[in-house]
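Accompanying notes for the structure given below.
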Amino acid sequence: MEEIRDNLLARVAEAAREGWLGEVEGLTVSLAGAEDQLAQIDRQSQKATIILGMPTTRSGDVE
């Protein structure tokens, strides 16, 4: 996803240099989507681990 974002940044810069305003607008929308995806991935990787503890048997269970 980072490669896609970097490629979009380069394409936006090229389109701006060439004066392709419609292309700049479309690429900017795509870039925003890629950055949003990266932010979601980052948020998911930072979630805390929940420790559930060791399982126990019920008092009525006998092997």
Failed criterion for R58 (all others in (1) free of Cβ contacts under 8 Å to residues at least 24 places away in the same chain; (2) in a helix (DSSP H, G or I) hold): (2)
Residues of the range 31-48 satisfying the condition of being open to solvent by 60 Å² or more (accessible area, probe 1.4 Å) and assigned to a helix (DSSP H, G or I): E35, D36, Q37, Q40, I41, D42, R43, Q44, S45
The range 15-24: number of residues that are part of a helix (DSSP H, G or I) and surrounded by 12 or more Cβ atoms within 10 Å (Cβ to Cβ): 4
Close pairs (9 angstrom Cβ cut-off, 6 or more residues apart or separate chains): free of Cβ contacts under 8 Å to residues at least 24 places away in the same chain in the range 31-53, aromatic (F, W, Y) anywhere: none
The range 1-23, residues that are under 22 Å from the mean Cα position of the chain (by Cα) and not basic (K, R): M1, E2, E3, I4, D6, N7, L8, L9, A10, V12
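Do we find that V12 is open to solvent by 100 Å² or more (accessible area, probe 1.4 Å), in a helix (DSSP H, G or I), aliphatic (A, V, I, L, M) and modelled with pLDDT of 95 or more in this structure?
On the way: open to solvent by 100 Å² or more (accessible area, probe 1.4 Å): no; in a helix (DSSP H, G or I): yes; aliphatic (A, V, I, L, M): yes; modelled with pLDDT of 95 or more: yes.
When the stated conditions are applied, V12 does not pass them.
The values are calculated or read from the model by the stated rules, or taken from the named source; none is laboratory data. Quantities reported herein were computed from a predicted structural model and do not represent experimental measurements. All Cβ positions, glycine included, derive from the backbone under ideal geometry; neighbour counts span all protein chains shown. The area values use the complete protein model at the heavy-atom level, side chains included, leaving out ligands, DNA and RNA. Shrake-Rupley method; radii C 1.70, N 1.55, O 1.52, S 1.80 Å.
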